[in-house]
Amino acid sequence: MGASGGSGAGSQCKQSRHGQWVREGLPAPITPQEQREQLRPLPVQPCLCLWPLKQLRPLLIRPSPSAGPKTFGLSDPKDHQVITAIEYQEVILTCKFPRKTPASRLEWKKLGQSVSFVYYGQDLRGDFKDRAQMMDFSIRIKNVTRNDAGKYRCEVSTPTNEGQRLEENTVTLEVLVAPGVPTCEVPNSVLSGTVVELRCQDKEGNPAPTYTWFKDGTRLLGNPKLDAQITNSSYTMNTKSGTLQFNTVSKLDSGEYYCEARNSIGSRRCREKKMQVDDLNVSGIIAAVVVVALVISICGLGVCYAQRKGYFSIENIQDDLQVGHEAPWQT
């Protein structure tokens, strides 16, 4: 604006056309209509003049990737969307743009290590062709799977008097998945007094599931001291990693165990497995040690007896060797 007498509130100000598009540091050419507009007289009205004027931020003009009319519009990013869906249910990937016109060109792409087309040339691509449909700019997926999770981008090109206007919208799809049947590791037989660890793991659930162990159909609490049905048991249960560790296992810990994996979508459990805890047979171990000691003693006594009888003397050994080398007709 330019002031026409004083400054501040109540001053007479006349509008001045100082705004102009600049491309790569040089003034952009104006059309004849814009020239006529600048020659038209402007009214004088009270206003508040602000000085100096702030320089506008430059805009990035992107050329059209395909041959055609000149592209003048820039990518108009919308708010990034994060859409959550449950596996095997329906989801709509929304593209937030004005209603589609016959002249608009729409493309949907799935981003990643490589970019793949979801919608191109007025047709759905890949497996989306059989389980999705278009709703103006948006895509309705009827049977979403975990493989559909990822980042998508819709691109809209609209022709105008000045050229093609390009707009983009990015959507992230998160697919929630119920746990699968967890893998449970339960030993068949263990010795009392030892450290025993049971393991449970699921690789399918999203979000990651939590784990709970059951013994003989009864849910084990995180703290065994709070469980009135569990006596004389010392264990540690990690609900995140799925481990159940007995610090000192006893015969009372014998039973059938199974694990349950659960998240906000659902839960699954593994089959029951029996763990038998046996006492350490100290008397049997002592008896085995005694037997081994007796065998070693008997062998030692036999060697001593043979030594005393001279069976291991040098003369006997030489005689045995000489007899072994004699020809059969010499005996």
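No lab work stands behind these numbers, since they all come straight from the coordinates. If you're wondering where the values come from, they're calculated on a predicted model, not measured in any experiment. For neighbour counting, all protein chains shown are included, and Cβ atoms are generated from backbone atoms with ideal geometry for every residue, glycine included.
Counting charges near residue 199 (Lys, Arg +1; Asp, Glu -1) among other residues having Cβ under 12 Å from its Cβ returns a value of -2.
If R0 is 56 Å, the Cβ-Cβ spacing of residue 252 and residue 170 corresponds to a FRET efficiency of close to 0.45. Residue ranges 113-119, 163-169 sort as 163-169, 113-119 when ordered by packing (mean number of other C-beta atoms within 10 Å per residue, highest first). In terms of its C-alpha gyration tensor, the stretch 146-221 comes out prolate, because a/c is 1.5 or above and the ratio a/b outweighs b/c. When only the Cβ of Lys, Arg, Asp and Glu is charged (+1, +1, -1, -1), the dipole of the stretch 235-282 relative to its Cα centre reaches about 340 debye.
In terms of distances greater than 22 angstrom between alpha carbons, the cross-link table entries 109/203; 142/203; 215/251; 203/274; 151/240; 109/142 yield 109/203; 142/203; 203/274; 151/240. Once the Cα-Cα distance is subtracted from the 0.36 nm per residue extended length, the residue 153 to residue 83 segment shows a gain of 23.9 nm. At an R0 of 30 angstrom, the distance between the Cβ atoms of residue 241 and residue 290 translates into a FRET efficiency of 0.10. Inter-label distance, residue 234 to residue 103: 8.2 nm, where each label sits 7 Å from its Cα along the C-beta direction. Other residues lying with their Cβ under 9 Å from the Cβ of residue 111 contribute a combined charge of +4, Lys and Arg counting +1, Asp and Glu -1.
Extension gain for residue 185 to residue 267 (0.36 nm times residue separation, less C-alpha to C-alpha distance): 27.7 nm.
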